[in-house]
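The values are calculated or read from the model by the stated rules, or taken from the named source; none is laboratory data. Quick caveat: nothing in here was measured; it's all calculated off a predicted structure. Heads up, the Cβs are rebuilt from the backbone with ideal geometry, glycines too, and the neighbour counts pull from every protein chain shown. We work out accessible area using only protein heavy atoms, side chains counted, and drop any ligands, DNA or RNA first. Shrake-Rupley method; radii C 1.70, N 1.55, O 1.52, S 1.80 Å.
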Amino acid sequence: MTRNLNTKQSSAVKQYSNETVYTILFFISFAHLLNDLIQGIIPSIYPILKQNYGLTFSEIGLITFAFQLTASILQPFIGYYTDKYPKPYSQVYGMGFTALGIIILSFANNLNWIIVSSIIIGIGSAIFHTESGRISNLASGGKLGLAQSIFQTGGNFGSALAPLAVAFIVIPNSQKYLLWFFIASTIGIGVLSRIANWYKIHLIQKNTKKNIVESKHKLSNNKVKWVIGILLVIIFSKFIYSASLSSFYTFYLIEKFHLSIQQSQFHMFIYLFAYMIGTILGGPLGDKIGRIYIIWFSVFGAAPFALLLPYASLFYTDVLIIIIGFIMASAFPAIIVYAQELVPHKLGMISGLFYGFSFGMAAIGSASLGILADYTSIQYVFLVCSFLPLIGGICYFLPNLNKRQNDNFKEGDLELNIQFNKN
């Protein structure tokens, strides 16, 4: 029995070392779908909560702030801890928090309980995203962009399904019908248990991470910190803009085009579906043509369409939101893998830092934009936010890590870029 187990473990480790383990990638992507489906329920029911409990836009922003900030603060610490002390079954516990959160949300009858449920779901999401980034990397077989895209696509599809699920299940009935999503969390626990068993096998190898991800640059530690700082600024511009869409896009459609809550959910699905397609293509294209070019395309390509959005009719709003969602989503897998290549031996910490920072920016953005909306209007908020993608232009100063080392980016170029940026 022991001999058979060792044979299976050796076979699994060999497969892991040499090949992309698509089974695990698709499992983790499906788990991401379930996690983000539940996570996406929160903003999807904002119009219902606002109507039922008389919430202001500031209070709506506070709900998002509670959820996103919890995930933001916890993820880097979880990643740092599990880099040193791996916990194969931590994702299972994370999905348990998510299940508890959706139960509380289905019975919440005031703002305080809604916030409590959001915090609990945020804890579950923090644990899930931190460890999933590591597992996707381990199963990549070296195809880091492809693996990250497969993983991210599941989450984006789950987020896209959330408004449709709310439109069909919750809106025609009542808030208590959110309990149906407990089934999704239960399935997620089963899927993550299988992934945890696979992950546990690979902890046998002490140098697992070194075998899969090796440094592709010779940048000093200080220069690596500068580059990570640039990436975080890009995340800042992207996710505050994304917060305006995820938290307030349905309200924008209702206010400007006089749509019903149910109709606005279908238009929200259009944006989220386009976001998912962008994620699918962004990772593999980054592997093929270089991650820096995908990041450039995402920043400079989305900006003009974002600037046009506040002035468009309903039809052209849908057209523009498809283009914006597609282009902006293409960069996130590339950014995550780019950061992992910068610090290849701290996958958990890097995943936690970037997922956590993105959640944190969404938290700050939602709270700030909610206050701004109360003092002005949702349409004014979208006008202000249309300029945010321009901040991402700092991506011009990123070095290209995908070139061969002998003709790779010269470190002096980074110094020149940073000096230019300072000036």
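When only the Cβ of Lys, Arg, Asp and Glu is charged (+1, +1, -1, -1), the dipole of the chain relative to its Cα centre reaches about 1400 debye. The stretch 44-80 and the stretch 325-389 have Cα centres separated by 15 Å.
By the helix-only formula, in which each DSSP H run with n ≥ 4 contributes -39500 (n - 2.57) and the sum is divided by residues, the chain has a 222 nm mean residue ellipticity of -27000 deg cm²/dmol. In this structure the chain gives 41 Å² per residue of accessible area when probed at 1.4 Å with all protein chains present.
Over the stretch 268-315, the fraction of Cα-Cα pairs per 10 Å bin, rounded to whole percents and listed from the shortest bin up, is 22, 45, 27, 6. The value given for the chain is a Kirkwood hydrodynamic radius of 21.7 Å, derived from the mean inverse Cα-Cα separation.
Note on residue 36: accessible area approximately 10 square angstrom, rounded to 10, probe 1.4 Å, nucleic acids and ligands left out. So, with +1 on the Cβ of K and R and -1 on the Cβ of D and E, and no other charges, what is the size of the charge dipole of the stretch 105-251 about its Cα centre, to the nearest 20 debye? Value, rounded to 20: 720 debye. Applied to the stretch 355-366, the Karplus parametrisation 6.51 cos²θ - 1.76 cosθ + 1.60 on θ = phi - 60° returns per-residue 3J(HN,Hα) values of 5, x, 5, 5, 5, x, 5, 5, 5, 5, x, 5 Hz, with x for Gly and Pro. For the stretch 135-208 and the stretch 221-270, write down the distance between their C-alpha centroids in whole Å. Value for the Cα centre distance between the two parts: 21 Å.
Given an 8 Å cut-off on Cα distances and at least 6 residues of separation, report the relative contact order of the chain as a percent.
Dividing the mean separation by the residue count of the chain yields 27 percent.
Legend: calculated FRET efficiency, residue 307 to residue 263, from the Cβ-Cβ distance at R0 = 22 Å, rounded to 0.05, equals 0.30. For the residue pairs 50/176; 84/346; 218/346; 87/346; 84/238, the alpha carbons lie more than 21 Å apart in 84/238. For the stretch 289-354, the relative contact order comes to 38 percent (Cα pairs under 8 Å, sequence separation of at least 6).
About its Cα centre, the dipole of the stretch 213-293 is roughly 440 debye, where the only charges are +1 on Lys and Arg Cβ and -1 on Asp and Glu Cβ.
Of the solvent-accessible surface of the chain, computed with a 1.4 Å probe over protein heavy atoms with every protein chain present, carbon and sulfur atoms account for 65 percent.
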